[in-house]
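Input: a single structure, listed below in structure tokens.
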Amino acid sequence: MYKIQVYLPPEALRKVRKAIEKAGGGKIGNYEGCMSWWKVRSSWITMDGAHPYNGKVGERTEAAEYILQCRVDEEHLAGVIAAIKKAHPYEEPVVDVVKLENADLRVEI
């Protein structure tokens, strides 16, 4: 099991969520569409040769973004990453993938 986290502009949230679900991400047990997201403030400097979605070459840009997070099994991992990149409006989307060693651990209280 893996955790995927992606930064995206607020207006892309629904499109990226749908792409992840269609590719098999966000499933936990008998549940689908399991995702969390929260607002963050991000900044970057666009370098020569870039084609920014937001901002201008040579300038620092600050913008509101969402971090979207979900779980993905190994079988669907490559497809979910490809779906995010296809649906995402950024030239180079930031997609973090973390392997969850204990994702299936069940603890009884």
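The values are calculated or read from the model by the stated rules, or taken from the named source; none is laboratory data. Since the model is a prediction, treat every value here as computed from it, not as a measurement. So basically every Cβ, Gly included, is an ideal-geometry build from the backbone, and we count neighbours across all protein chains shown.
List of remarks:
- At least 2 residues being modelled with pLDDT of 95 or more and charged (D, E, K, R) is the threshold, and among the strands (runs of 3 or more DSSP E) wholly inside the stretch 1-98 those reaching it are 35-45, 60-72.
- Residue match in the stretch 54-62 (condition: surrounded by 14 or more Cβ atoms within 10 Å (Cβ to Cβ) and either among the aromatic types (Phe, Trp, Tyr) or in contact with a helix residue (DSSP H, G or I) (Cβ under 9 Å, 6 or more places away or on another chain) (or both)): no
- For Lys99, the requirement of being within 20 Å of the chain's Cα centre (by Cα) and either under 15 Å from Leu8 (Cα atoms) or basic (Lys, Arg) (or both) is met.
- Flag if Val6 is within 11 Å of the chain's Cα centre (by Cα) and either within 15 Å of Glu91 (Cβ to Cβ) or of a type in the set (S, T, N, Q) (or both): yes
Matching residues to (1) surrounded by 15 or more Cβ atoms within 10 Å (Cβ to Cβ); (2) touching a helix residue (DSSP H, G or I) at 6+ places or on another chain (Cβ under 9 Å); (3) under 12 Å from Leu68 (Cβ atoms); (4) not basic (Lys, Arg):
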position: Val6; (1), (2), (3), (4): yes, yes, yes, yes
position: Glu11; (1), (2), (3), (4): no, no, no, yes
position: Ala19; (1), (2), (3), (4): yes, yes, yes, yes
position: Lys22; (1), (2), (3), (4): no, yes, no, no
position: Lys27; (1), (2), (3), (4): yes, yes, no, no
position: Glu32; (1), (2), (3), (4): no, yes, no, yes
position: Met35; (1), (2), (3), (4): yes, yes, yes, yes
position: Arg41; (1), (2), (3), (4): no, no, no, no
position: Ile45; (1), (2), (3), (4): no, no, no, yes
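- Options Val72, Val80; residue that is of a type in the set (Val, Ile, Thr), under 11 Å from the mean Cα position of the chain (by Cα) and surrounded by 15 or more Cβ atoms within 10 Å (Cβ to Cβ): Val80
- Within the stretch 1-23, residues that are of a type in the set (Gly, Ala, Ser) sit with their Cβ atoms under 7 Å from residues that are surrounded by 15 or more Cβ atoms within 10 Å (Cβ to Cβ) and at pLDDT 95 or above, at 6+ positions apart or across chains, in these pairs: Ala12/His88; Ala19/Ala83; Ala19/Ile84; Ala19/Ala87; Ala23/His76; Ala23/Gly79; Ala23/Val80; Ala23/Ala83.
- Cross-chain or 6+ apart pairs with Cβ under 9 Å, the stretch 76-96 first and basic (Lys, Arg), then assigned to a helix (DSSP H, G or I) and surrounded by 17 or more Cβ atoms within 10 Å (Cβ to Cβ): Lys86/Ala19
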